[in-house]
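The values are calculated or read from the model by the stated rules, or taken from the named source; none is laboratory data. In this text the structure is predicted, and so the values were computed from the model without any measurement. Counting neighbours? That spans all protein chains shown, and the Cβs are built from the backbone with ideal geometry, glycine included.
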Amino acid sequence: MTEIIPIEKLQGNLFQGGEHGGIPISFFLVHSPFGGGPRLHRHPYEEIFIVQQGQATFTIGDATQEVYGGSIVLAPANTPHKFQNLGEGSLQMITIHPGPQVITEWL
């Protein structure tokens, strides 16, 4: 049977595939206000950011770059990274974690 999940039922806008029959993908639906974003962290797998709307500054490893809606950002496995919304409006993106659960090491 097909499972339909209302977005408002996600805990912190997080979908953990392992909680839904062992699906090997997890993701966050990010809606970040000005100045918002996580502190420096890393994952034991690659992370893919699909920036749908807004403007953010991404730091991945030693590189920092401004990114705009319509971009895809790739963070290599085990590489420290963070982002911050520096645009006037909401930063909207999907962050994909290739695993049944999100594994984060905060730095």
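Observations on the model:
- Against the list (1) surrounded by 15 or more Cβ atoms within 10 Å (Cβ to Cβ); (2) farther than 16 Å from residue 94 by Cα; (3) among the charged types (D, E, K, R), the condition residue 19 fails is (1).
- Applying the set (1) assigned to a loop (DSSP other than H, G, I, E, B); (2) in contact with a Pro (Cβ under 9 Å, 6 or more places away or on another chain); (3) of a type in the set (Lys, Arg) to residue 82 leaves exactly one unmet item: (1).
- A search for C-beta distances below 8 Å between a residue of the stretch 42-64 that is on the phi > 0 side of the Ramachandran plot and surrounded by 14 or more Cβ atoms within 10 Å (Cβ to Cβ) and any residue that is polar (S, T, N, Q) and part of a strand (DSSP E or B), counting only pairs 6+ apart in sequence or on different chains, returns 54/32; 54/85; 54/92.
- The listed residues are 86, 40, 107, and the only one of them that is at pLDDT below 95 and over 12 Å from the mean Cα position of the chain (by Cα) turns out to be 86.
- The numbered conditions (1) under 18 Å from residue 85 (Cβ atoms); (2) surrounded by fewer than 18 Cβ atoms within 10 Å (Cβ to Cβ); (3) touching a Ser or Thr at 6+ places or on another chain (Cβ under 8 Å) are all true for residue 30 except (2).
- Pair list, Cβ < 7 Å and 6+ apart or interchain, from the stretch 11-26 residues that are more than 12 Å from residue 99 (Cβ to Cβ) to residues that are part of a loop (DSSP other than H, G, I, E, B) and not basic (Lys, Arg): 14/102; 20/3
- Any hit, the stretch 57-78, residues being at pLDDT below 95 and assigned to a loop (DSSP other than H, G, I, E, B): no
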